[in-house]
Amino acid sequence: MPEGDSILRAARGLHRALAGRTVSRFDSVFPHLTNPLDDRPLIGQVVDRVDARGKHLLMWFSGGVVLRSHMRMHGSWHLYRLGERWQRPRHEMRIVLETPDIIAVAFNVPVAEFASAETIDRTEPLRDLGPDLLRDDFDPSTAVARIKERSVMEIADALLDQRALAGIGNIYKSESLFASGINPFARVEQLTPDQLGQIVAKAMTFMRANAGDGLSAMRTYAGLRRTTGRFDPGARFWVYGRAGKPCRRCGTAIRRARQGPYARSTYWCPSCQQSEAGS
């Protein structure tokens, strides 16, 4: 699933390409998107901006309409010039937004809806979001407080709760816990505020380093994430995706397990990540 850094890069790419341009055509396979708001037809509106909230991508239009989309596991937005061949098959198209010279296409995006600019912040998916690690106004103390509220949850599951911390996913969950030396199966109540603060700080550092604005991303997955600082594609992560391979720090075999109610993959080093119960 795309994490917050991927969504932010996608939003920046869409903003650079579309902001200030007028919508000349809009099409979607979703029936509920064919008429955004009865009194505000999308054709003729100008794209004001595109931004991200956690894992949600928001496209704002001059008529007070906002298109919210969520990529889930396999969704992505592409940008094309008029007449350019699409890189994905047409049966995967979910949304087409056309301007006089640029076309934005959403492929395999399962969640999309219109809302008014006046009410978007009060809609359920956005209303309950926790602090966004990539926002300029991110408050680590608020994030720690929200995580502490989930006292009986295992820390890895608490980090994935978007109501506690917005934007983080499986990759940064595993990588941040490794960098902090914390056992992913420790309950939140077993960890000290300093340990929770360290986890949040590591997650913020990793995600912001991978959300740099140096890429003119045309697709959600532009660029290769890395947390080790290495540019070798095979050495990008400390633990994620490395089950059975030696830990880069101690040589112990990295382990993988399904964790939580959605059986998400967790990767960890059993030697480097023994810290729990305030140890």
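The values are calculated or read from the model by the stated rules, or taken from the named source; none is laboratory data. Remember, predicted model here, so these are calculated numbers, not experimental data. No Cβ is skipped: glycine too gets one built from the backbone with ideal geometry, and neighbour counts run over all protein chains shown. All accessible areas refer to the heavy atoms of the entire protein, side chains included, with ligands and DNA or RNA removed. Shrake-Rupley method; radii C 1.70, N 1.55, O 1.52, S 1.80 Å.
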## Note on the structure
Checked pairs for the range 249-275, first assigned to a loop (DSSP other than H, G, I, E, B), second surrounded by 14 or more Cβ atoms within 10 Å (Cβ to Cβ) and of a type in the set (Asp, Glu), C-beta under 8 Å and 6 or more apart or across chains, list as Gly260/Glu154; Gly260/Asp157; Pro261/Asp157
### Query
Does at least one position in the range 163-184 carry a residue that is touching a Lys or Arg at 6+ places or on another chain (Cβ under 7 Å) and at positive phi?
yes
### Summary
The residue from Ser275, Ser279 that alone is at pLDDT below 90, over 30 Å from Val50 (Cα atoms) and open to solvent by less than 50 Å² (accessible area, probe 1.4 Å) is Ser275
### Summary
(1) in a helix (DSSP H, G or I); (2) out of contact with any Ser or Thr (no Cβ under 7 Å at 6 or more places or on another chain); (3) at pLDDT 95 or above all hold for Val152 apart from (1)
### Query
If you scan the range 96-122, which residues turn out to be out of contact with any Leu (no Cβ under 7 Å at 6 or more places or on another chain), closer than 17 Å to Ala11 by Cβ and surrounded by 17 or more Cβ atoms within 10 Å (Cβ to Cβ)?
Leu97, Val105, Ala106, Phe107, Val109, Ala115
### Query
What single numbered condition from (1) surrounded by 15 or more Cβ atoms within 10 Å (Cβ to Cβ); (2) at positive phi; (3) not basic (Lys, Arg) fails to hold for Gly83?
(1)
### Query
Any idea which residue in the range 156-213 is modelled with the lowest pLDDT, counting only those that are open to solvent by 30 Å² or more (accessible area, probe 1.4 Å) and among the basic types (Lys, Arg)?
Arg208
### Message
Being under 23 Å from Leu126 (Cβ atoms), without any contact (Cβ under 8 Å) to a residue 60 or more places away in the chain and surrounded by fewer than 18 Cβ atoms within 10 Å (Cβ to Cβ): is that true of Ser62 here?
### Response
yes
### Task
Kindly establish whether Leu134 is under 24 Å from Arg236 (Cβ atoms), open to solvent by 10 Å² or more (accessible area, probe 1.4 Å) and at pLDDT below 95.
yes
